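A.B. asks: Below are the structure tokens for one structure; questions will follow.
The values are calculated or read from the model by the stated rules, or taken from the named source; none is laboratory data. Keep in mind it's a predicted model, so treat the numbers as computed, not measured. So basically every Cβ, Gly included, is an ideal-geometry build from the backbone, and we count neighbours across all protein chains shown.
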Amino acid sequence: MTKLAVIAVGGNSLIIDDKNVTVESQYQAAKQTCLHIADLIEQGWDVAIGHGNGPQVGYILRRSEIAAKTAGMHEVPLDVCGADSQGAIGYAIQQNLQNILYQRGIKKKVVTVITQTLVDKNDPAFSKPAKPIGSFMEKEEAERRQQEQGWSVVEDAGRGWRRVVASPQPKEIVELETVQTLLEKGIVTITVGGGGIPVIDPGDGNYEGIAAVVDKDYASSLLARSIGANLFVISTAVEKVAINFGKPEQKWLDQITLAEAKAYLAEGIHFAKGSMAPKIQAIIWYLEAMPNGKALITNPENIGRALKGETGTWIVP
């Protein structure tokens, strides 16, 4: 495979309208993203697709909580919510992309791999969980959950209490060999959904799911490095990356080097921690490991134009 790309799609890209988040609306949003991924495939690239799942896991948790309160149903553990979302989002991407490729006369199959991501049980993130998940709670319920279920809970800006979990670093993609085999066969592979289902090795060589969230850009970067991808694309809400965003001296970036990316990130003022900073860090790790690779950040509708050099932010060694 001389043209192998990893594309990381944001979970929020499946939400076009916050007031319309039905399964059908998310399916149609996935279709729009798949049109642009198909452009990449049509240009001769073999593709692995990672995706976010933040909003979708939130919906699964909310349904689970309501069912538990109103009908006595069991609550769904967070790692299983991740697996559920991988299947559902994978299905939407897989079917849409397969249909589009068929319509374009491209004979490629698409498959979803339910993917586990190994994390270190001693990762420092577990000592300071900070990723909010699930619904807001009253203080009494939060304290009960903390005592009975061992949850970490925090008060969120006067809006109520929420559970927080760790976001550890991805160490290994458990199904990597399977993913590599599929890609070698020319099959478009959807993997590391939501960063992968976080699992630990308790010390006996087995895997065990854990309540945590792996950053999907970090996991996609690990995937790109592990399979030797020539191109790493992060699809997000903006056409280009900017420094000094929202300030009079704001500047859109067409192309920067790895060294420049590191310098901008180190300044700590250009990229927000919860949005662009992880994307830049993920690309830095990728380019450090792949000196002949290149990376692109743009929104889904401009992937085709960006590949022609017309837009997007390119980060090169």
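A.B. asks: Restricting the search to the stretch 299-313, which residues are under 21 Å from the mean Cα position of the chain (by Cα) and either among the polar types (S, T, N, Q) or not assigned by TED's automatic domain parsing to the domain that holds residue 275 (or both)?
C.D. replies: The answer is 299, 302, 313.
Per-residue answers, yes or no, for (1) buried (at least 20 other Cβ atoms within 10 Å of the Cβ); (2) touching a Gly at 6+ places or on another chain (Cβ under 7 Å); (3) modelled with pLDDT under 95:
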position: 92; (1), (2), (3): yes, no, no
position: 114; (1), (2), (3): no, yes, no
position: 139; (1), (2), (3): no, no, yes
position: 144; (1), (2), (3): no, no, yes
position: 173; (1), (2), (3): yes, yes, no
position: 180; (1), (2), (3): no, no, no
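A.B. asks: Given the structure, is residue 294 modelled with pLDDT of 95 or more, within 20 Å of the chain's Cα centre (by Cα), surrounded by 13 or more Cβ atoms within 10 Å (Cβ to Cβ) and of a type outside the set (Val, Ile, Thr)? Outline the logic, then answer.
C.D. replies: Working: modelled with pLDDT of 95 or more: yes; within 20 Å of the chain's Cα centre (by Cα): yes; surrounded by 13 or more Cβ atoms within 10 Å (Cβ to Cβ): yes; of a type outside the set (Val, Ile, Thr): yes.
For residue 294, the condition - modelled with pLDDT of 95 or more, within 20 Å of the chain's Cα centre (by Cα), surrounded by 13 or more Cβ atoms within 10 Å (Cβ to Cβ) and of a type outside the set (Val, Ile, Thr) - is met.
A.B. asks: Mind checking whether some residue in the stretch 231-248 is farther than 24 Å from residue 16 by Cα, at pLDDT 95 or above and surrounded by fewer than 18 Cβ atoms within 10 Å (Cβ to Cβ)?
C.D. replies: no
A.B. asks: What is the one condition in (1) farther than 30 Å from residue 41 by Cα; (2) in a helix (DSSP H, G or I); (3) not charged (D, E, K, R) that residue 153 does not satisfy?
C.D. replies: Among (1) farther than 30 Å from residue 41 by Cα; (2) in a helix (DSSP H, G or I); (3) not charged (D, E, K, R), residue 153 violates only (2).
A.B. asks: Going through the stretch 50-74 one residue at a time, which ones are among the charged types (D, E, K, R) and without any contact (Cβ under 8 Å) to a residue 12 or more places away in the chain?
C.D. replies: Start the filter on the stretch 50-74 by keeping residues that are among the charged types (D, E, K, R), which leaves 62-63, 65, 69.
Selection gives 63, 69.
A.B. asks: Then there is this: Assuming residue 82 fulfils every condition listed in (1) of a type outside the set (Asp, Glu); (2) free of Cβ contacts under 8 Å to residues at least 24 places away in the same chain; (3) in a helix (DSSP H, G or I) apart from one, which condition is it?
C.D. replies: Status for residue 82: all satisfied but (2).
A.B. asks: Continuing with this model, one more query. Give the residues of the stretch 95-123 that are among the polar types (S, T, N, Q), free of Cβ contacts under 8 Å to residues at least 60 places away in the same chain and in a loop (DSSP other than H, G, I, E, B), sorted by residue number.
C.D. replies: Within the stretch 95-123, just 122 meets the criteria.
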